[in-house]
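The values are calculated or read from the model by the stated rules, or taken from the named source; none is laboratory data. Note that the structure is predicted; figures quoted are calculated from it, not measured. Virtual Cβ from ideal backbone geometry, glycine too; neighbours counted across all protein chains shown.
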Amino acid sequence: MKLPVYMDNHSTTPVDPRVFEAMAPWFTEKFGNAASRSHSFGWEAAEAVKKARKQVAALIGASPDEIVFTSGATESDNLAIKGAAEALRERGNHIITVATEHRAVLDSCKRLEQQGFEVTYLPVDRHGCVSPDSVRHAHQTQTILVSVMLANNEVGTIQPVAEIGRIAREHGALFHTDAVQAAGKLAIDVDAMNVDLLSLSAHKMYGPKGVGALYVRRKNAAMKLSPLALLTPMIDGGGHEGGLRSGTLNVPGIVGFGAACRIAMQEMHAESERLRRLRDQLEEKLRAGLDEMQVNGHPAERLPNNLNVSFGYVDGEALLVGLSDVAVSAGAACTSAKMEPSHVLRAMGVGEDLAQGSLRFGLGRFNTEEEVAYVAGRVIETVRGLRALSPAYESRLSALASNETGTRGRIG
Ligand SMILES: *Cc1c(COP(=O)(O)O)cnc(C)c1O
């Protein structure tokens, strides 16, 4: 086992060696511009992009001409939300999204608010779920777009997108979903999920960084619009990607993205089961070694590789320092001087103290059982060490000892 152990696969994943192998020739001998129509260098690059477009489309049940390649999901989210808002401005100015969305969605909405759009940020329950009814109630005649992620990047909660998509369609609004974390873990079907726009990122699924895609539904009967009328491009230029995203295509990246999707299609089912088993082992080991902890996210409707845990009576920053040979994320993000609790945990009602003591484990394709055992051991050791120095934890223990019935700690 090599140290440090990488268990932060919601942040990024290593490129699968098979993906790397598929990409390699497209940097050197096959370096053509896929838009060059006059020679074989361009033609072979265009063929490679065509194949990758099919592979990406197949993963989500789309047709290849509905895939727009981008620089990643941040751009896909921006294009979906700002592009739809600008194109549909005549129809209305209201957007519905959720408090626990990724920053790329929330900040795109914030930008639109500065430009006169109105945005409803729906709350979630304690598991991080948004209720379809709340989406229904938030609809106005002015609503043009609903954006709800498929699976959350911090707590893994899977949203009921098929129903939300159906509600959006009934109301004549477009439905966008950020499917970055779900892709390659859950089966995705844009038709069954009633999705009009869907964001993907290669580097979250063992492909390269700097490439992603936006699925754009070709025919939208309810809106009576073609995709070009549906979205205003954010980048103008040579008219690549059907005019929706100009710029010379990142051929090696796109080839790698395609290969990553092909592998995901073939291996997703078995891989998700393996990850779920490892994730459950990790949780069991932590529970066996520690009290005063809670798992965040939906108990069942959750990504198979996600474990987000709050440890009472510990500080997240100290926890990360103690876990120097384990790569995980904290439930709080450093902003300037102090730690800000995550907007996701806060929206779920996790108290500030608990949110501060949270860790996000993201298991991945290359994690082993041995690594899970090691990480569990290190976390238990570190949390116990920090609690041994905590007067609050000590007084809690003595309070419990003096109470025969054994009151519950502050963490249920
Ligand atoms: C990582 C991530 C993004 C951003 O993707 P990039 O390709 O890194 O820009 C967007 N949404 C979610 C849910 C993510 O996890």
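Residues are listed down the side, and each one gets a yes or a no for (1) of a type in the set (Ser, Thr, Tyr); (2) in a strand (DSSP E or B); (3) farther than 25 Å from Ala151 by Cα:
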| residue | (1), (2), (3) |
| --- | --- |
| Arg287 | no, no, no |
| Val295 | no, yes, no |
| Leu307 | no, yes, no |
| Val314 | no, no, yes |
| Arg346 | no, no, no |
| Val350 | no, no, no |
| Arg360 | no, yes, no |
| Gly364 | no, no, no |
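If only one of Ala138, Ala179, Ala183 is away from the ligand (no atom under 16 Å from the Cβ), at pLDDT 95 or above and of a type outside the set (Asp, Glu), which one is it?
Criteria check complete, one pass: Ala138.
So that you can scan it fast, the table gives a plain yes or no per residue for (1) outside any loop (DSSP other than H, G, I, E, B); (2) within 24 Å of Gly253 (Cα to Cα); (3) touching a residue at least 24 places away in the same chain (Cβ under 8 Å); (4) of a type in the set (Phe, Trp, Tyr):
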site: Val119; (1), (2), (3), (4): yes, no, yes, no
site: Val130; (1), (2), (3), (4): no, no, yes, no
site: Arg136; (1), (2), (3), (4): yes, no, yes, no
site: Thr141; (1), (2), (3), (4): no, no, yes, no
site: Glu154; (1), (2), (3), (4): no, no, yes, no
site: Gly165; (1), (2), (3), (4): yes, no, yes, no
site: Pro208; (1), (2), (3), (4): no, yes, yes, no
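Restricting attention to the range 51-77, report how many residues are part of a helix (DSSP H, G or I), within 16 Å of the ligand (Cβ to nearest atom) and either surrounded by fewer than 22 Cβ atoms within 10 Å (Cβ to Cβ) or modelled with pLDDT under 95 (or both).
Result for the range 51-77: 1.
Return the total of residues in the range 187-209 being more than 21 Å from Phe366 (Cα to Cα), more than 11 Å from the ligand (Cβ to nearest atom) and not charged (D, E, K, R).
8
With respect to Leu359, determine if the residue is touching a residue at least 12 places away in the same chain (Cβ under 8 Å), among the aliphatic types (A, V, I, L, M) and closer than 15 Å to Gly289 by Cβ.
On the way: touching a residue at least 12 places away in the same chain (Cβ under 8 Å): yes; among the aliphatic types (A, V, I, L, M): yes; closer than 15 Å to Gly289 by Cβ: yes.
Yes.
Restricting the first residue to the range 294-309 and requiring it to be in contact (Cβ under 8 Å) with a residue 12 or more places away in the chain and not assigned by TED's automatic domain parsing to the domain that holds Arg346, which pairs with a second residue that is among the hydrophobic types (A, V, I, L, M, F, W, C) and in a strand (DSSP E or B) meet a Cβ separation below 8 Å and a spacing of at least six or different chains?
none
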